[in-house]
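See below for the structure under consideration.
The values are calculated or read from the model by the stated rules, or taken from the named source; none is laboratory data. Note that this is a predicted model, so its numbers are computed, not measured. Glycine gets a Cβ as well: all are built from the backbone with ideal geometry, and neighbour counts include every protein chain shown. The protein model used for the area step is the full one, side chains on, heavy atoms only, and it has no ligands, DNA or RNA in it. Shrake-Rupley method; radii C 1.70, N 1.55, O 1.52, S 1.80 Å.
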Amino acid sequence: MCDRHVFTFKLALAYSKQAVDQFERSPMHALATHEAPRRLGVYALYLTNDDENPTYVGKATKIKLAQRLTEHHRKIAGRENIDVDRMWCRYLVIGDEAGEEWVAASAENALISHYNPKWNKSGI
């Protein structure tokens, strides 16, 4: 039998594509005024509002989206050579119940694989 008769559904691939597609449809906000809810999810930081690829991608599970983005704002404000007022973010609420942290972690992995953000490798 040739390989063209075999179909293997790749659930992780389908989830990754849907996560990236939905994430890209979510609006960007200035990091200083992000309006994120106190819920589970994923987020990305951008150096400007016209960047196509994020500089950093993260998940918010134990610490919710609103607090994680506020922490990033505070941390970046203390850095030299980065204007925190020019930083933007995008986020996506994913899951909302105990035990659903893995859904946000899977979305974070999908976004990191898709965008390959430079700060995710730098330890910033």
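Side notes on the structure shown:
- Tally, over segment 1-32, of residues that are open to solvent by less than 90 Å² (accessible area, probe 1.4 Å), not small (G, A, S) and not in a strand (DSSP E or B): 11
- Segment 84-121: number of residues that are surrounded by fewer than 19 Cβ atoms within 10 Å (Cβ to Cβ), basic (K, R) and either modelled with pLDDT of 90 or more or in contact with a helix residue (DSSP H, G or I) (Cβ under 9 Å, 6 or more places away or on another chain) (or both): 2
- Residues within segment 36-71 that are surrounded by fewer than 18 Cβ atoms within 10 Å (Cβ to Cβ) and either modelled with pLDDT of 95 or more or under 18 Å from V93 (Cβ atoms) (or both), tallied: 10
- The set of residues in segment 70-102 that are of a type in the set (A, V, I, L, M, F, W, C), in contact (Cβ under 8 Å) with a residue 40 or more places away in the chain and assigned to a helix (DSSP H, G or I) comprises I76, V84.
- L65 being free of Cβ contacts under 8 Å to residues at least 40 places away in the same chain and within 20 Å of K121 (Cα to Cα): no
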